[in-house]
1. Checking the conditions here, which among 349, 375, 337 is buried (at least 22 other Cβ atoms within 10 Å of the Cβ) and in contact with a strand residue (DSSP E or B) (Cβ under 6 Å, 6 or more places away or on another chain)?
2. If you check 46, 85, which single one turns out to be surrounded by fewer than 16 Cβ atoms within 10 Å (Cβ to Cβ), over 29 Å from residue 286 (Cα atoms) and either in contact with a helix residue (DSSP H, G or I) (Cβ under 8 Å, 6 or more places away or on another chain) or at pLDDT 95 or above (or both)?
3. Give 129, 155, 64 a once-over and let me know the one that is within 16 Å of the ligand (Cβ to nearest atom), under 26 Å from residue 259 (Cα atoms) and not assigned by TED's automatic domain parsing to the domain that holds residue 243.
4. Say whether the condition of being in a strand (DSSP E or B) and either out of contact with any helix residue (DSSP H, G or I) (no Cβ under 9 Å at 6 or more places or on another chain) or free of Cβ contacts under 8 Å to residues at least 40 places away in the same chain (or both) is met by at least one residue in the range 406-423.
5. Any residue that is at pLDDT 95 or above and either closer than 28 Å to residue 306 by Cα or within 16 Å of the ligand (Cβ to nearest atom) (or both) - is there at least one of those in the range 188-206?
6. If a residue has to be crowded, with 20+ Cβ neighbours inside 10 Å and in contact (Cβ under 8 Å) with a residue 60 or more places away in the chain to count, how many in the range 115-137 make the cut?
7. Residues that are buried (at least 19 other Cβ atoms within 10 Å of the Cβ), under 16 Å from residue 390 (Cα atoms), at pLDDT 95 or above and within 24 Å of the chain's Cα centre (by Cα): does the range 59-70 have at least one?
8. Out of 25, 109, I need the residue that is in a loop (DSSP other than H, G, I, E, B), within 22 Å of the chain's Cα centre (by Cα) and touching a residue at least 60 places away in the same chain (Cβ under 8 Å). Which one?
Ligand SMILES: Cc1ncc(COP(=O)(O)O)c(C=O)c1O
């Protein structure tokens, strides 16, 4: 396949951008070869700089639930661009997006009383944790092995995402003292949580979890485990934070909180709420938000936060998320999983709503350490095979695939057959 322009661009990128990329997993280190430089997107298809076209299962790592350049989102961005790109003052679009989110989210997640917008998921989580500490007056945070919550210092401990790909359990440049306030526990293990609460009496500010862990494989947890977290945090006056940067507005409008019927104290969002523009947000109970600046002593701010263009894109995106949207995209992802799981392969597909993940093994893993790491070389070959056949999946076997609404049954069947024929021919 011709990737000449991508190769040339990558060489140029290497001389001015560290590793040639602005986010590590894009460098293709775990699948080998040159990263593909994309030029345009249309619906569910991507076209690279050399003119190769792909069905896109990456979808910018999740935000593009309605595919590329949905006309409503483009129109909203164009309309706002005619007025202004940024103010640094309050603007109506922030109010409109916040009202839309809160009014609709509250129906299924009663704690969604307030939302503050930021520019990324990392910022949302970092700020939510500070707020949790400020509100409770406690210091420690419990997170789970394999859950990724962005790249802020205290959370780069046993995270997933690019770190799983690179095999780095931790990041250099993070003082040990920063991560000392972070307790890392295995998923799906109630007794280790009870022990941690016992050993850190009155000092656990919050438990944070990706309620649908999707950054280190797709480690779908039981409702019972999530309920256990809710009960335990209430018992110890700690907060429960659902990091819904991926699952929010994807598992359903109310995210995983609504799906499982469990109400966390704080939720963090990103990806979909920006409609493809850089946005994050954290939401939760008014009582907690009274502690946030300017009302309270917990500081948080942002030059471009609540950016009018991003807010308008987000609002247009969220208005597209009807029940019909969710049943269509979930059915397509289930169709992929059913086809692959019915093919009697050593590889299987885990799936929830419009998210799927290919893994090698009989049972879908529930914890990060159950993932078959030896299978990643095979995944690299699958990745190449998919690319050569016009399917763009994540360039790492630890990352999930996202279905978007412009996809058809024919599209996803073509993909499933491509995966099945690859494994059958080996
Ligand atoms: C669950 C979760 N939290 C936080 C983040 C960080 O978001 P961002 O990359 O926008 O900083 C991500 C990114 O993938 C994520 O999946």
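The values are calculated or read from the model by the stated rules, or taken from the named source; none is laboratory data. Here the structure is a predicted model, which means the values were calculated and not measured. Using ideal geometry, Cβ is built from the backbone for each residue, glycine included, and neighbour counts are taken over all protein chains shown.
1. 349
2. Matching residue, one of 46, 85: 85.
3. After ruling out the rest, the residue left standing is 64.
4. no
5. Among the residues of the range 188-206, at least one is at pLDDT 95 or above and either closer than 28 Å to residue 306 by Cα or within 16 Å of the ligand (Cβ to nearest atom) (or both), which makes the answer yes.
6. Residues meeting the conditions: 16.
7. yes
8. 109
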